[in-house]
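What follows is a short report on a single structure.
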Amino acid sequence: MSQLQIQRLMRPHLVTPEAYATAVSPDEMAAKAGVSPDMIIRLNQNENPFGAAPEIAAALIDLPLHLYPDPNQSKIREALAEYTGHPAEQILAGAGSDELIDLLMRLFVAPGDRVLDCKPTFGMYHFCARIADAEVVSVPRDDAFEVDVEAIAREDDERTKIVFLASPNNPTGNILPEEQALRLLKLGLVIVVDETYFEFSGQTVDHLVPEHENLVVLRSFSKWAGIAGLRVGYMIASPEIVNRLVDIKNPYNVNVAAEAALLATMRHRDKLLQRVEVLLEQRRRMEKAFDSMDGVSYVPSHANFLLTRFDDHLATDMYEALVRKGVFVRPFSDPRLSHHLRISVGTPDQTSRVLDVLSELV
Ligand SMILES: Cc1ncc(COP(=O)(O)O)c(C=O)c1O
C-alpha cells in the first residue's frame, strides 16, 4: 500500500503532521555541545535536577511486574486523599498530567468543539485538542502575562467546552488569582486549573472543587517528586467527572512502577519537599543575580523555572554560550518570546554554571 493510500484511511485532520515541539534528545544535545551525554545539564524541561530520591528507587525493586496494576487505583487514591485532604472519589491518577489532559478532551470535546487556552502557555493543551479535532482558541495573555478573563468570556459560545489555565503558568511562572478562577467558573465551562508546579507555588484553588462541579485541578509528580520518567499525575475534581473518566480511561493507565513510586513519594514527602526548598532558594539566587545585570529581566515566578528576558541579541548569545558549556535551556519560536529563555532551576552547582556564563556575556 502506498503512503497516499494509507493517508486516505487516516482521520483527515491528522494527515498533515504537526509535531509537538519537544526538547531535543539527550544524544542530540550531547552532539550539539560536543560533550558526552552524561555531561549534559538539562535546564530546558523543568525536571528535578536532584534526580529521583534513593528511597523511591528502592521502592521499585521486587515489584510484581507480571501482574496488571489495579484499574481502580485504590491505594493511589487513598494515599492522595490523605495528601490532598480530598476524598478518594474526587481523585484520579494518570500517566502524568499529560494523560489527564488527553482524557478530558476525550470526555468533553467532540470534533469542531472549541478549546480555549491563554498563550503563551503549555503546549499539550493545543496538542491534545488537535488530536480531538477541536478548534483551539488561544486568548493572548496581557503584557504582564496575566489572563484576560473578559476576552475569554467573549470567546465563549455553544461549541466552547474547556478552558485550560496553568497556575503557575508554563513558561511564565505566574499564578491564576482565585478571583479570576471564580469568574471563569461562572461561565459554566469546564475550567481546568493545571497546578503541575503546585509544590513550588504553595497556591491552589483545590478548595473550590466541592462547590464547583466544573472545576478540574491537575497536579503532577514529575517536577517536585523527581519522577517525570515514570509518568505520574493526578486530578482533583467532582466525583461526577472522576467517575466518567474512570469509565473511559485505559484500565491500567498507571503502571506498577509508577504506583510504587507514588506511594513511596508519599511516605518520604518531607525529604522531597526539602528539595523543593533548595530549588526555591536557587531560584531566588538567580533572580538576585539577574537583578544586578544590565539588559536582563525576568517574569516573577512561582515555579521551578524563570522566564528570563534579554535585551538585543543577548538571548541567542546566551543560549549558544550555554550550549558550548553543555547547558541546555528553553528558547521559543513564539515571536512574543523571541528575547526570552526559560531557565529551569538547577542544583547550586548548575546555577553557578549558568550565572558564570551570563556574567561573562553581560
Ligand atoms: C503546565 C504543565 N502541565 C503539565 C505538564 C506535564 O506534566 P506531567 O509530566 O505530569 O505529564 C507540564 C510539564 O512540563 C507543565 O508544564
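Nothing in this text is a laboratory measurement; each read-out follows from the coordinates by a stated rule. Here the structure is a predicted model, which is why all the values come from computation and not from measurement. Cβ sites come from the backbone with ideal geometry, for glycine too, and all protein chains shown count toward neighbours.
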Order 158-164, 256-262, 289-295 from most to least packed using the mean count of other Cβ atoms within 10 Å. 256-262, 158-164, 289-295
How much space per residue, in cubic angstrom, does the convex hull of the C-alpha atoms of the chain take up? 163
What ranking do 149-157, 2-10 get when scored by the average of other Cβ atoms within 10 Å per residue, highest first? 149-157, 2-10
Taking Cα centroids, how far is segment 6-63 from segment 130-191 in Å? 28
Report, ordered by chain and residue number, the lysines lying within cross-link reach of Lys223, taken as a straight Cα distance under 28 Å and ignoring same-chain residues fewer than 8 apart. Lys32, Lys75, Lys119, Lys249, Lys271, Lys288, Lys325
Could you please rank Val115, Val299, placing first whichever residue has the fewest other Cβ atoms within 10 Å of its Cβ? Val299, Val115
Any idea what the dipole of segment 1-78 comes to, in debye rounded to 20, about its Cα centre with Lys/Arg Cβ at +1 and Asp/Glu Cβ at -1? 420
Sequence ranges 36-44, 167-175, 324-332, ranked by mean other-Cβ count within 10 angstrom, highest first: 167-175, 324-332, 36-44
Over the chain, what is the relative contact order in percent, taking alpha-carbon pairs closer than 8 angstrom and at least six residues apart? 22
